[in-house]
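Here is the structure we will look at.
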Amino acid sequence: MPEARCAKPGPRTLATRITVEKDTMTNLEPTTVPGPHVLPPMPYAQDALAPVISARTIGFHYGKHHQGYVDGLNRLVAGTPFAEMSLEQTLAATAGQTERTAIYNHAAQVWNHTFYWRSLRRMGGGEPPASIKPLIEASFGGVPACRAAIAAAAARRFGSGWVWLVLEKGKLDVVETGNAQRPASPVQRPLLAIDVWEHAYYLDYQNRRADHVTALLDGLIDWGFAADNLG
Ligand code: MN
């Protein structure tokens, strides 16, 4: 075994790991598993969100993680009645059923990531459109307070998960969910999603999740998408 593999953990170890991941990305052929579910196209170029979310992060996050959830879901449903269901039907049929946790988790992660990509855009951030701003002000007291609630939820989430802006009983709220979990549908309608799994920011921000979320709210969050989801 090469001596470098026995090195104690430290900065060089992280650098080595990233190099290996890059090589892995270059060498692997795209893997897609035949089945009812397909990876939706990205709504923008892979470098559109840089520098807050680099093209390299999106390469892994979309090309490996999101694709991996699609592939895993297709493998899990093959030969089962779930193979005849849409993504939404699969989520409804598996939510809260402990014997279907694997299918639910993969289906939810497919849905969550597709929604997450659409929650961001190049030159986002700024002031929300007039179609949602009054509701933000009525629900939180102002846009800064809404942003603060999102940032606080991102900081509070222990481990992997998601932060959501939701519409509930005519008001907006911010909720956090763990791992693949989604807001309590249909009571809480998702308007925006922020992925706070480490894979969403680690290559660009390492452990600095709060800095990542602040930069995302400053420059990438798509308030127009949130307004569109008010329905
Ligand atoms: Mn993710």
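General observations
- Total residues in the stretch 117-128 satisfying the condition of being within 17 Å of the chain's Cα centre (by Cα) and surrounded by fewer than 18 Cβ atoms within 10 Å (Cβ to Cβ): the figure is 1.
- Of the residues contained in the stretch 119-127, one or more are found to be among the acidic types (Asp, Glu) and either closer than 27 Å to Pro144 by Cα or in contact with a Lys or Arg (Cβ under 7 Å, 6 or more places away or on another chain) (or both).
- Checking each residue in the stretch 192-214 for being buried (at least 19 other Cβ atoms within 10 Å of the Cβ) and away from the ligand (no atom under 16 Å from the Cβ) picks out no residue at all.
- Of all residues in the stretch 49-66, those that are closer than 13 Å to Arg122 by Cα have Cβ atoms under 6 Å from Cβ atoms of residues that are among the charged types (D, E, K, R), 6 or more apart or on another chain, in Ser54/Asp204; Ala55/Asp47.
- Of all positions in the stretch 129-143, none carries a residue that is surrounded by 13 or more Cβ atoms within 10 Å (Cβ to Cβ), under 16 Å from Ala184 (Cα atoms) and without any contact (Cβ under 8 Å) to a residue 24 or more places away in the chain.
- No other residue among Pro41, Pro51 is loosely packed, with under 12 Cβ neighbours inside 10 Å, of a type outside the set (D, E, K, R), touching a helix residue (DSSP H, G or I) at 6+ places or on another chain (Cβ under 8 Å) and modelled with pLDDT of 95 or more apart from Pro51.
- 1 or more residues of a type in the set (A, V, I, L, M, F, W, C) and touching a Gly at 6+ places or on another chain (Cβ under 7 Å): qualifying helices (runs of 4 or more DSSP H) within the stretch 27-140: 67-77
- Taking the criterion of being within 16 Å of the ligand (Cβ to nearest atom) and surrounded by 14 or more Cβ atoms within 10 Å (Cβ to Cβ), the residues of the stretch 144-166 that qualify are Ala154, Arg157, Ser160, Gly161, Trp162, Val163, Trp164.
- Positions within the stretch 167-191 being surrounded by fewer than 16 Cβ atoms within 10 Å (Cβ to Cβ), free of Cβ contacts under 8 Å to residues at least 60 places away in the same chain and within 16 Å of the ligand (Cβ to nearest atom), in sequence order: Gly178
- Lone qualifier among Gly125, Gly96 - being at positive phi and either at pLDDT below 95 or polar (S, T, N, Q) (or both): Gly96
- Extreme residue, farthest from the ligand (Cβ to nearest atom), among residues of the stretch 58-91 that are under 11 Å from Leu39 (Cβ atoms) and of a type in the set (A, V, I, L, M): Leu73
The values are calculated or read from the model by the stated rules, or taken from the named source; none is laboratory data. Keep in mind the model is a prediction, meaning the values are calculated, not measured. Neighbour counts run over all protein chains shown; Cβ positions are idealised from the backbone, glycine included.
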